[in-house]
Amino acid sequence: MADEDGEEQRDKEANIPAPQAEFRMELRDSLPGDRAVIGVEQEGEFLWLASRKHVTEKARDEFVDQLQRIVREGWWVQNWPGR
């Protein structure tokens, strides 16, 4: 843990911006080809469309929570043009 704290402090001192990305998941009644999920990406945001047939509301909530956590902790790096 101490190493992570030190790395975070070095990033702040070097003016490295915190990772930014937004993740959402919307449940739909069905998706083309009976897919479970389809990812839709645009600058600054990643939207997952999920089939209610395959994904529960609880699973959706946990999935989004975990994605937001990995972004917040700097494990996710997204290279959108202009950023």
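Scanning region 59-83 for residues that are among the basic types (Lys, Arg) and farther than 16 Å from Arg24 by Cβ yields a single hit, Arg83. Beta carbons closer than 6 Å, at least 6 apart along the sequence or on distinct chains, never pair a first residue in region 30-52 that is in contact (Cβ under 8 Å) with a residue 60 or more places away in the chain and β-branched (Val, Ile, Thr) with a second that is surrounded by 14 or more Cβ atoms within 10 Å (Cβ to Cβ) and assigned to a strand (DSSP E or B).
No value in this document is a laboratory result; all are computed from the given coordinates. Because the structure is predicted, anything quoted here is derived from the model rather than measured. Note: ideal-geometry Cβ built from the backbone for every residue, glycine included; neighbour counts use all protein chains shown.
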